[in-house]
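**Q** Before anything else, here's the structure in question.
The values are calculated or read from the model by the stated rules, or taken from the named source; none is laboratory data. Note that this is a predicted model, so its numbers are computed, not measured. Here the Cβ positions follow ideal geometry from the backbone for every residue, glycine too, while neighbour counts run over all protein chains shown. Just the protein is used for accessible areas: all its heavy atoms, side chains included, with ligands, DNA and RNA removed. Shrake-Rupley method; radii C 1.70, N 1.55, O 1.52, S 1.80 Å.
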Amino acid sequence: MTASLEEVAYKLAAGGKGILAADESASTIKKRFDAIGVESTFENRRDYREMLFRSEEAMSQYISGVILFDETIRQNAKDGTPLVKLIEQAGSIPGIKVDLGARPQPGCPGETITEGLDGLGERFKEYYELGARFAKWRAVIDIGAHIPSYTSILANAQALARYAALAQAAGIVPIVEPEVLMDGDHGIDRCYEVTEWVLKEVFQQLFYGRVKLEGTVLKPNMVIAGKKSAKQASVEEVAEKTVRCLKNCVPTAIPSIAFLSGGQSDEEATAHLDAMIRGSGLPWNLTFSYGRALQAAPQKAWSGKVENIAAGQAAFTHRAKMNYLAALGQWTTEVERKKAA
Ligand code: 13P
């Protein structure tokens, strides 16, 4: 029996499990590999991702789903097993990134519009055949002196809604990702203001786009100060403002919210999630859908060497477990228990 959209959307954030975002485009994975001195070849990308997907404890206990890039969903492990099969065998759900990236938006200096809607209905049919049961589309909103503009927010929200409707028509759960970047020097309150504006518009457009919220997952940024801001907010402030912003914007029909890490350190991303869950009283399941905050450590440990595979898997498993504990609101307790021991 095939699971319904509602079941998949719920499962992606249930029981403390979260999503591994392993959908780096060819240019992004090259950047990551450059940083560890590994050449970005077809085989190296396969070996690296196979290492992650064969991390049995992480994949079966902490990871609900994996977002893949087009190349990876078609790729086989070294022994010929499709990588998608490895994910399924571990009890995790394969997903696919379907947007084709953010391009400069005409008339809106400094802003982008995410492309990839043309032919998307057909692409979804193929991705479903290849095993994808959920998808991701990322809209990018930057904060600056005169941005974002409503023109850009509206265009990106409309694209998200069209993508989400097409995904659902193909039996695939859309992850709707409007990312407000944390690259600037703005304070946390400016991030709150922009995130609220963006989320309000996104849900308005999902309504007009006739998207079924019960079968949708939201992937938002946390409400956080810009990386270059002199005043960084405390863990408690990030948690409080993020939850307040979400409560003001996200209908309770949405079953799952899975955060992006967006350039936070591994520990910050974990601590923030943990603090939000400990605050309790949440109408949705909150969890992680991290790329960098799950993969930075294993990439470093692996560094492209066969003899480091076990170390890479251990590093990935550790981060996945810490975020799993955070999604249950048990991470702080675990850290304190370890300190006391
Ligand atoms: P980060 O956690 O590295 O932000 O990546 C998540 C993601 O999928 C961004 O689109």
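**Q** Please list, ordered by chain and number, the residues whose modelled amide H lies under 5 Å from the amide H of GLN105; skip anything fewer than 5 residues away on the same chain.
**A** HN-HN under 5 Å from GLN105: GLU111, THR112, ILE113.
**Q** If you average the alpha carbon positions of region 162-188 and of region 235-259, how far apart do those two centres end up, in angstrom?
**A** Between the Cα centres of region 162-188 and region 235-259 lies a distance of 15 Å.
**Q** Taking H placed 1.01 Å from N in the peptide plane, check which residues at least 5 places from LEU100 or on another chain put their amide H under 5 Å from its amide H.
**A** For LEU100, whose amide H was placed from the backbone, the distant partners under 5 Å are GLU115, GLY116.
**Q** With the Cα gyration tensor of region 144-201 in hand, give its eigenvalues times 5 under a square root as the equivalent ellipsoid semi-axes, listed largest first in whole angstrom. Please report the intermediate quantities before stating the final value.
**A** Values: eigenvalues 139, 27, 14 Å².
In descending order the semi-axes read 26, 12, 8 Å.
**Q** Can you give me the relative contact order of the chain as a percent, contacts being Cα pairs under 8 Å and 6 or more apart?
**A** On the way: 692 pairs, mean separation 64.4, N = 341.
It comes to 19 percent, rounded to a whole number.
**Q** Let me ask another. Please work out how much length the chain gains when fully extended from GLU88 to VAL306, using 0.36 nm per residue of separation minus the C-alpha to C-alpha distance, in nm with one decimal. Show your work: numbers first, answer last.
**A** On the way: separation 218, 0.36 × 218 = 78.48 nm, distance 2.41 nm.
Answer, rounded to one decimal: 76.1 nm.
**Q** If amide hydrogens are placed 1.01 Å from N in the peptide plane, which non-local residues have theirs closer than 5 Å to the one on SER64?
**A** When sequence neighbours closer than 5 places are left aside, the close amide H contacts are GLY18, ILE19, LEU20.
**Q** Please state the shape class of region 233-306: rounded when a/c is under 1.5, otherwise prolate if a/b exceeds b/c and oblate if not, all from the C-alpha gyration tensor.
**A** Values: a/c = 3.09, a/b = 1.99, b/c = 1.55.
It is prolate, given that a/c is not under 1.5 and a/b is the larger ratio.
**Q** Can you give the relative contact order of region 121-251 as a percent, counting alpha carbon pairs under 8 Å and 6+ residues apart?
**A** Working: 221 pairs, mean separation 36.8, N = 131.
Normalised by residue count, the contact order of region 121-251 is 28 percent.
**Q** Per residue of region 98-104, what does 6.51 cos²θ - 1.76 cosθ + 1.60 with θ = phi - 60° give for ³J(HN,Hα)? Whole Hz please, x for Gly and Pro, Karplus curve as stated.
**A** 10, 6, 9, x, 8, 10, x
**Q** With both bridge residues required to lie in the chain, what share of the DSSP beta bridges run antiparallel, to the nearest 5%? Write down the numbers at each step before the final one.
**A** Details: 4 of 33 bridges.
Restricted to the chain, the bridges split so that about 10 percent are antiparallel.
**Q** With θ set to phi - 60°, apply the Karplus curve 6.51 cos²θ - 1.76 cosθ + 1.60 along region 279-293 and write out the HN-Hα couplings as whole Hz, x wherever there is a Gly or Pro.
**A** x, 6, x, 9, x, 10, 7, 9, 8, 9, 9, 8, x, 4, 5
**Q** Output ³J(HN,Hα) for region 326-341: one whole-Hz value per residue in order, computed from phi by the Karplus curve 6.51 cos²θ - 1.76 cosθ + 1.60 with θ = phi - 60°, and x for Gly and Pro.
**A** 4, 5, 9, x, 10, 5, 4, 4, 5, 4, 5, 4, 5, 4, 5, 6
**Q** Sticking with this structure for a sec: With the Cα gyration tensor of region 168-216 giving a ≥ b ≥ c as the square roots of its eigenvalues, does the rule (a/c under 1.5 for rounded; else a/b larger than b/c for prolate; else oblate) give rounded, prolate or oblate? Could the numbers behind the result be given before it?
**A** On the way: a/c = 4.11, a/b = 2.28, b/c = 1.80.
Note, shape of region 168-216 comes out prolate.
**Q** For the peptides 28-35, 272-279, what is the packing order when you average, over each peptide's residues, the other Cβ atoms within 10 Å and list the highest mean first?
**A** 272-279, 28-35
**Q** Let me ask something else. Output the relative contact order of region 1-116, whole-number percent, from Cα pairs under 8 angstrom with separation of 6+ residues.
**A** Details: 141 pairs, mean separation 26.9, N = 116.
Computed value for region 1-116: 23 percent relative contact order.
**Q** Subtract the Cα-Cα distance of THR2 and GLU39 from 0.36 nm times their separation in residues, and report this length gain in nm to one decimal. Let's see the in-between values first.
**A** Working: separation 37, 0.36 × 37 = 13.32 nm, distance 3.93 nm.
Result: 9.4 nm gained on full extension.
**Q** On a 1.4 Å probe surface of the protein chains, which of ASP23, ASP189, ASP142 comes out largest in accessible area, and what is the full order?
**A** Values: ASP23 10, ASP189 90, ASP142 50 Å².
Largest to smallest exposure gives the sequence ASP189, ASP142, ASP23.
**Q** What residue among PRO109, PRO255, PRO94 has the largest mean-square fluctuation in a Gaussian network model of the chain, using Cα springs under 10 Å?
**A** Sorting by GNM fluctuation, first place goes to PRO109.
**Q** Provide the per residue accessible area, probe 1.4 Å, for the chain, rounded to a whole number of square angstrom.
**A** On the way: 14340 Å² over 341 residues.
Result: 42 Å² of accessible area for each residue.
**Q** Next question, about the same structure. Connecting C-alpha atoms closer than 10 Å in a GNM of the chain, tell me which of ILE143, ILE224, ILE93 has the biggest fluctuation.
**A** ILE143
**Q** Would you mind pulling out the separation of the Cα centroids of region 271-286 and region 1-55, in Å?
**A** Answer, in whole Å: 24.
**Q** On to the next question. Let me make sure I get this right: for region 5-337, a, b and c are the square roots of the gyration tensor eigenvalues over alpha carbons, sorted descending. Under 1.5 in a/c it's rounded, otherwise prolate if a/b > b/c, else oblate. Which is it?
**A** Working: a/c = 1.39, a/b = 1.17, b/c = 1.18.
Here region 5-337 falls in the rounded category.
**Q** Okay, moving on. Taking the Cβ-Cβ separation of SER265 and ASN76 as r and a Förster radius of 35 Å, what is the calculated FRET efficiency to the nearest 0.05?
**A** Numbers: r = 34 Å, r/R0 = 0.98.
Computed FRET efficiency for SER265 and ASN76: 0.55.
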